[in-house]
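A.B. asks: So that we are looking at the same thing, I have put the structure below in C-alpha cells.
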Amino acid sequence: MKRFLMLTVVSLFTAVSLSSCGYNTMVSKDENVKGKWAQVENAYQRRADLIPNLVSTVKGAANHEESTLTAVVEARAKATQVTVDPSNLSEEEIANFQQTQDAFSQSIGRLLVSVEAYPDLKANQNFRELQAQLEGTENRISVERRAYNEAVQDFNTTVRSFPNNIMAGMFGFKAKGTFTAAEGSDKAPTVSF
C-alpha cells in the first residue's frame, strides 16, 4: 500500500512538474509552426496549380517560345516534387525548398518577360486574369512566409530560453529553420525600356 501511495505521489509530482516546465507551451508552439508551414506549402501549391493555365494561354499566342515554356513546366515539376517534413524544418531543408521555389520563380519571370513581345496576348482578358491571380498568389506566398518566420522565431525563442532549453533537449525539440532572402535580392533590379 505504501508503494502504491508513493508511486501515486511521485507520478502526480512528475505530471505537475512537466506541465509547468514549458513542455506544453513548446508542443503548442511546435504545432503552430507546423500549421504555418502547411500554409506556406498551400500558397506555393496554389502557384503551381496556376502555372499550367498560364502556360497554355501563352502557348496559344507564342508557339515559337517552346524553350521558355518547357523551362517553366520543368521548374514547376521540380518545385512540386520537393517537400519538407514538418517535423524536420531545419535550416538546410528550408534552404533546399527555397532554392527550388526560387528557380521556379525565375522561370515564371522569364515567361512573363517573353510575353512582352506579344501585345495581343497582353491584351487578352484570360491572360490578364491569370497574371493578376499569379500576382495575388505571390503576395500570399510572401504573407505566409512572413507568418511562418514569426512563428518560428517565437518557437525558437521558447526552445532556447532557460529553463525551457533543458526540457527541449530532453524531449527533442530543436530550433526550426526560417526563410531568408534570395541571394542578390538586396540589390534593386534594373528596369530598362
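The values are calculated or read from the model by the stated rules, or taken from the named source; none is laboratory data. Predicted, not measured: the structure shown is a model, and the values here were computed from it. Methodologically, a virtual Cβ is constructed for each residue, glycine included, from the backbone with ideal geometry; neighbour enumeration extends over all protein chains shown.
A.B. asks: Within segment 149-165, restricting attention to residues that are among the polar types (S, T, N, Q) and free of Cβ contacts under 8 Å to residues at least 12 places away in the same chain, which residue is nearest to residue 178 (Cα to Cα)?
C.D. replies: By that ranking, first place goes to 157.
A.B. asks: Let me ask something additional. Please enumerate the residues belonging to segment 127-170 that are polar (S, T, N, Q), surrounded by fewer than 13 Cβ atoms within 10 Å (Cβ to Cβ) and farther than 30 Å from residue 55 by Cβ.
C.D. replies: 157, 161
A.B. asks: Please verify whether residue 155 is at pLDDT 80 or above, of a type outside the set (Ser, Thr, Tyr) and not in a helix (DSSP H, G or I), treating the condition exactly as stated.
C.D. replies: It is false that residue 155 is at pLDDT 80 or above, of a type outside the set (Ser, Thr, Tyr) and not in a helix (DSSP H, G or I).
A.B. asks: Check every one of the helices (runs of 4 or more DSSP H) wholly within segment 65-124 and list those with 3 or more residues that are modelled with pLDDT of 75 or more.
C.D. replies: In segment 65-124, 91-115 are the helices (runs of 4 or more DSSP H) which contain 3 or more residues that are modelled with pLDDT of 75 or more.
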